[in-house]
Amino acid sequence: GDPDRVTIFGESAGASSVLALMVCPLAEGLFTNAIAESPALFESVNVTKEEGGDLGVALGNYFNATKDGSSQIDQMRNLPAEDIVQVVQNFIDSPWANMSRTMFNLFTDDTSMPLSIYEAFQAGTQHQGVNLIIGNNKDDCPMPNHFSLEQYHSLINNAFGGNSSMLQHIADLIPASTDEEALTAFKEYGTNVVLSAGSFAVAKAMARSSNNASTFYYFFDYVYPNHTEDGAFHGAELPFVLNYSTLGPDIPTYWTNFAKTGDPNGEKSDSTWLPNWPSFEEGSDSWQVLGSEISNEPIPETKVEMFQLGDILLPPNYIVGTGPLFGSNMTWSLENGVPEGPQA
């Protein structure tokens, strides 16, 4: 391959890693194009690695390793893999589950991540000259089996600090008056505020900064006939991207064209032209709708309003849980104690 024309891409947590590399000083100059499919920006927190290191001490205690830093790491490294898998599962199943949510978060430091992903893009410190495809699926957040109206009200109340005007604004954007409607509202909140808001913020920041790069923003809405109840679920675009779908080559051709030239537009293998995909510019607020039909459409105003709520909540600054983003007020530090774990 050509070392001067490298494209990296990932989905979900992998997409978050792609964006992390775009703001990591150590990765500058290693790639020219990046693709982030449904990134989870809440995994990049405004917490230092020293603060986050307390999680390692907590997990070590759960393994009954000593609390002395170096010997604890040595003991954990010598554990059989199956013991680690089982004890981590015990940890996730314990009352300390919120701690496990951010066990694998991206913490800041002075070398690899000076700022969280959200803050770095807002500050315009991402690598210069790296083109980006970024977007989300229509139903990125899965619907839980049960979610009550009371839980929904608690979620948004915790997330936005009980601000009455803000709560009313959210109630107008994502209404719910029954338990059944609360399920749908949770899905809308999770998809648009928790996940899609981060992508929108990154796309806007890229368009705002003059970094000699183009951004291409998409919205995937295809619903598989045998998965209608799931909608365009998280990861549903992957069979298209990897050319496993029978619905035509347009999406994988966008991806491969982008890898070759930094621009998804161009010809298909049958010498016909792909539907034009304009770059995302500041103030344009349009996206490429990818699915059964492909077209560039204005982003609905209600979507934009939901995405903008993410600016209030990002980046998270909690060592554990995800803080207000998921409506949790749980905070923790090592001084609060660590769980005494059931052993593998």
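The values are calculated or read from the model by the stated rules, or taken from the named source; none is laboratory data. All values derive from a computational prediction rather than experimental measurement. Here the Cβ positions follow ideal geometry from the backbone for every residue, glycine too, while neighbour counts run over all protein chains shown. All accessible areas refer to the heavy atoms of the entire protein, side chains included, with ligands and DNA or RNA removed. Shrake-Rupley method; radii C 1.70, N 1.55, O 1.52, S 1.80 Å.
Select from the stretch 298-344 the residues that are modelled with pLDDT of 90 or more and loosely packed, with under 13 Cβ neighbours inside 10 Å and write down the one among them that is farthest from Ser196 (Cα to Cα).
Applying the filter and picking the extreme gives Pro298.
Hey, any hits in the stretch 223-233 for a residue that's open to solvent by 10 Å² or more (accessible area, probe 1.4 Å), in a strand (DSSP E or B) and farther than 21 Å from Glu281 by Cβ?
So far as the stretch 223-233 goes, yes, one or more of its residues are open to solvent by 10 Å² or more (accessible area, probe 1.4 Å), in a strand (DSSP E or B) and farther than 21 Å from Glu281 by Cβ.
Can you tell me which residue in the stretch 242-253 is farthest from Ile133 (Cα to Cα), limited to those that are open to solvent by 60 Å² or more (accessible area, probe 1.4 Å) and of a type outside the set (A, V, I, L, M)? Even if it seems obvious, please write down each step before you answer.
Applying the first criterion (open to solvent by 60 Å² or more (accessible area, probe 1.4 Å)) to the stretch 242-253 yields 242-244, 246-247.
After this cut, where a residue has to be of a type outside the set (A, V, I, L, M) as well, the list is 243-244, 246.
Numbers: Asn243: 17, Tyr244: 20, Thr246: 23 Å.
Residue satisfying both the conditions and the ranking: Thr246.
Residue by residue through the stretch 119-133, note down the ones that are farther than 19 Å from Ala197 by Cα, among the polar types (S, T, N, Q) and surrounded by 20 or more Cβ atoms within 10 Å (Cβ to Cβ).
Asn131
Of everything in the stretch 158-192, what is under 30 Å from Ile133 (Cα atoms) and either polar (S, T, N, Q) or open to solvent by 60 Å² or more (accessible area, probe 1.4 Å) (or both)? Give them in sequence order. Walk me through how you get there before you give the answer.
Within the stretch 158-192, the first condition is being under 30 Å from Ile133 (Cα atoms), and the residues that meet it are 159, 170, 173-174, 184-192.
Within the stretch 158-192, Thr184, Thr191, Asn192 meet the criteria.
Pick from the stretch 169-192 the residues that are in a helix (DSSP H, G or I) and of a type in the set (A, V, I, L, M, F, W, C): which of them is nearest to the chain's Cα centre (by Cα)?
Out of the qualifying residues, it is Phe186.
Tell me which residues, restricted to the stretch 254-268, are open to solvent by less than 60 Å² (accessible area, probe 1.4 Å) and not in a loop (DSSP other than H, G, I, E, B).
Tyr254, Trp255, Asn257, Phe258, Ala259 - these are the residues of the stretch 254-268 that are open to solvent by less than 60 Å² (accessible area, probe 1.4 Å) and not in a loop (DSSP other than H, G, I, E, B).
Working carefully through the options Leu195, Leu155, find the one that is at pLDDT 90 or above, assigned to a helix (DSSP H, G or I) and surrounded by 18 or more Cβ atoms within 10 Å (Cβ to Cβ).
Values: Leu155 fails: at pLDDT 90 or above.
Exactly one residue qualifies, and that residue is Leu195.
Please enumerate the residues belonging to the stretch 17-60 that are among the polar types (S, T, N, Q), open to solvent by 10 Å² or more (accessible area, probe 1.4 Å) and not in a strand (DSSP E or B).
Within the stretch 17-60, Ser17, Thr32 meet the criteria.
Restricting attention to the stretch 1-16, and to residues there that are touching an Asp or Glu at 6+ places or on another chain (Cβ under 9 Å) and not in a loop (DSSP other than H, G, I, E, B), which single residue is farthest from Gly262 (Cα to Cα)?
The initial filter retains those residues of the stretch 1-16 that are touching an Asp or Glu at 6+ places or on another chain (Cβ under 9 Å), namely 9-16.
Filter again for not in a loop (DSSP other than H, G, I, E, B), leaving 9-11, 13-16.
Working: Phe9: 13, Gly10: 16, Glu11: 19, Ala13: 23, Gly14: 20, Ala15: 17, Ser16: 20 Å.
Going through the qualifying residues, I end up with Ala13.
Which is assigned to a strand (DSSP E or B), modelled with pLDDT under 90 and not aliphatic (A, V, I, L, M), of Phe107, Phe91?
Phe107
Select from the stretch 269-298 the residues that are within 18 Å of Glu237 (Cβ to Cβ), assigned to a loop (DSSP other than H, G, I, E, B) and not acidic (Asp, Glu) and list them in ascending order.
Scanning the stretch 269-298 gives Leu274, Pro275, Trp277, Phe280, Gly291, Ser292, Ile294.
For residues that are hydroxyl-bearing (Ser, Thr, Tyr) and over 21 Å from the mean Cα position of the chain (by Cα), scanning just the stretch 273-294, find the one that is nearest to Tyr222 (Cα to Cα). Walk me through how you get there before you give the answer.
Of the stretch 273-294, the ones hydroxyl-bearing (Ser, Thr, Tyr) are 279, 284, 286, 292.
From what is left, the residues that are over 21 Å from the mean Cα position of the chain (by Cα) are 279, 284, 292.
Values: Ser279: 22, Ser284: 24, Ser292: 6 Å.
The residue in question is Ser292.
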